[in-house]
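The values are calculated or read from the model by the stated rules, or taken from the named source; none is laboratory data. What you see is a predicted model, and the numbers here were worked out from it, not measured in a lab. All Cβ positions, even for glycine, are placed from backbone atoms using ideal geometry, and neighbour counts span all protein chains on display. Ligands, DNA and RNA are excluded from the accessible area calculation, which covers all protein heavy atoms including side chains. Shrake-Rupley method; radii C 1.70, N 1.55, O 1.52, S 1.80 Å.
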Amino acid sequence: RDRCRRLDLSGNARNCSMTGSPDYYRNFLGKGQRCLLSVPKTEVWKNAHHSSGRFCFQSSQSLGEKITSFQICSVGLLPSHFSAWNIQIVRFFHTSPSLQAAPVPLFWIIVKPAQKLFAIILGRSIRNWWKALPPNKRELFKESARKNKWKILLGVSSLGVLFVVFYFTHLEETPITRRARLLVFGKEHFRQLSQMEYDMWMEEFKSRMLPETDARYQVVKRVVGHLSESNKDIPQVSALNWVIHVVDEPGVNAFVLPNGQVFVFTGLLNAVSDIHQLSFILGHEIAHAVLEHAAEKASMVHFLDFLSLIFLTMIWAICPRDSLAVVGQWIQSKLKEFMFDRPYSRTLEAEADKVGLQFAAKACVDVRASSVFWQQMELAETIQRQPKLPEWLSTHPSHENRAEHLDRLIPEALKIRERCNCPSLSGPDPRLIFKLNMQHLLESSKVQETQNSAKQDLSQPKLDFPHT
């Protein structure tokens, strides 16, 4: 079918990392062993004990202080001896930068602080006005409020109806998932503003951009080009001009601006095990741009912020002292953050995972590798003994939950590959390989701990007491 293209990422990159039989890769990448990633200080280790030509991706780069070494081999069976692979340890991995990948409208940046300041001043003025009223006028005011309670109730209800009408009249459907969402800002206007952020990122990374002749740049370019070509039947994909930027940064990061500007850090290229994991991650980021998540999130946050102004005014009007009002304002902001903002962000991430997996499936990628990547990230944090925060404290799903969510989506993604006439996945399941390697790692770790304990016991001095 025209909308489904086979993966052809052959090129002049170096340092190949492949799994499965040679016949599988001749069908998948053409004749010869094609190079997938060019990563500093890497080498290809071939298991000479088996004749099927299975390869492991091995790195000798030191990436932490006294980090446990192990190897994740992409082979059908575990080799008899493990070579060391110092896994890249990542404290926090997000496929969007700490700043949002898309800008908020310029007027919002200016007006938002002014709105809060106005609400604080208004609420404080109401409180001071009430305190200054004589007792008799306070009673008259309360009596008047009781007499006109229905008029007051009607006014408040009318204001609520206006908000509801505004919300439902600005609902749109996402392009692929057909989910109803609030979209306040115009798409074209938002893309124009994304150009401002693009200029900001280019200014920040201008000295660290890899040239187009770099093998790593070429790999990213071919992956993005193949993903966009395989999904060109989607209007939002074909409408954008995808431009590649590879930044020489150690952070494990990638993001795509709403105007199609793709930014990939070399730290991400060092962290992925194969081309399939990289394809899924970039498909995830492309899904964010196609689904217009940046505009959607900015719209929802702006709508909720506007609603919170009413509560902010009430807090400053009711609280008897400014100190209590500040505490109340902080509690309100935290409730909004953990009850609306962060869960909403996690929902968008899960949706991008789903659509990104579909993009990768149509590009004939081994979608089974998607969950392995997040299992590797989970393992890296465990080895480094990083404290695990509850998921509700994060804007992204936890690595473990993300891997489980992808495992549930993989069967449908495999059906998409079949409909696109992709080559069959004759190689071993990378999820099973990862599980077997982890079992071997745990067994080796237990043996090492036992040996260390025995050496420690032998090294302890023995005290000899004279006999009586």
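Annotation: region 310-384 has a Kirkwood hydrodynamic radius of 16.2 angstrom, from the mean reciprocal C-alpha pair distance. Pairs over the 28 Å Cα-Cα cut-off, from the set LYS151/LYS297; LYS206/LYS388; LYS221/LYS354; LYS131/LYS151; LYS147/LYS336; LYS354/LYS446: LYS151/LYS297; LYS206/LYS388; LYS147/LYS336; LYS354/LYS446.
Please give the residues of region 157-173, grouped as numeric ranges, whose backbone N is less than 20 Å from a label point set 7 Å along the Cα-to-Cβ vector of MET339. From region 157-173, the list is 157, 160-161, 163-164, 167. Working ranking of peptides 348-358, 396-406 by packing, defined as the average number of other Cβ atoms within 10 Å per residue, highest first, is 348-358, 396-406.
Sequentially through region 143-159, phi angles give Karplus couplings (6.51, -1.76, 1.60; θ = phi - 60°) of 5, 5, 5, 5, 5, 10, 5, 5, 5, 5, 4, 5, x, 5, 5, 4, 5 Hz, Gly and Pro residues having no value and appearing as x.
When each of the peptides 159-165, 218-224, 190-196 is scored by the mean number of other C-beta atoms lying within 10 Å of its residues, the order from highest to lowest reads 218-224, 190-196, 159-165. Proximity of backbone amide H atoms, modeled 1.01 Å from N, is registered between ARG179 and THR174 at under 5 Å, excluding neighbours fewer than 5 places apart on the same chain.
Overall, the accessible surface of region 181-439 at a probe of 1.4 angstrom is composed of carbon and sulfur to the extent of 60 percent. Beta bridges from DSSP with both residues in region 181-439: antiparallel share about 45 percent, rounded to the nearest 5. Peptide packing: for 361-373, 119-131, 262-274, the average count of neighbouring Cβ atoms within 10 Å per residue gives the ranking 361-373, 262-274, 119-131, highest mean first.
Inter-part distance, region 378-401 to region 157-205, computed on C-alpha centroids, equals 30 Å. Of the residues VAL256, ILE275, ALA350, the one whose Cα sits farthest towards the positive end of the charge dipole of region 181-439 is ALA350 (charges of +1 on Lys and Arg Cβ, -1 on Asp and Glu Cβ, taken about the Cα centre).
Less than 5 angstrom separates the built amide H of GLN261 from those of VAL243, all sequence-distant by 5 or more or on a different chain. Given in Å, the Rg to one decimal and the Dmax to the nearest whole number for the Cα atoms of region 181-439 are 20.8, 71. Note that region 181-439 presents 40 Å² accessible area per residue, ligands and nucleic acids not counted, probe 1.4 Å.
Applying 1/(1 + (r/R0)^6) with r as the Cβ-Cβ distance of LEU442 and ARG419 and R0 = 30 angstrom yields a FRET efficiency of 0.15.
Over region 231-329, the pair-distance histogram of Cα-Cα distances with 10 Å bins from zero comes to 14, 29, 21, 14, 17, 6, 0 percent, rounded to whole numbers. Distant-in-sequence amide contacts of ILE234, defined by a placed amide H-H separation under 5 Å and a gap of 5 or more residues or a different chain, comprise nothing. The antiparallel fraction among DSSP beta bridges confined to region 238-308 stands at about 40%. Full extension of the chain segment joining PHE118 with LYS137 gains 4.2 nm, where the gain is 0.36 nm per residue of separation less the Cα-Cα distance. Positive end of the dipole of region 181-439 (Cβ unit charges, origin at the Cα centre): among ILE315, VAL246, PHE338, the Cα lying farthest that way belongs to PHE338.
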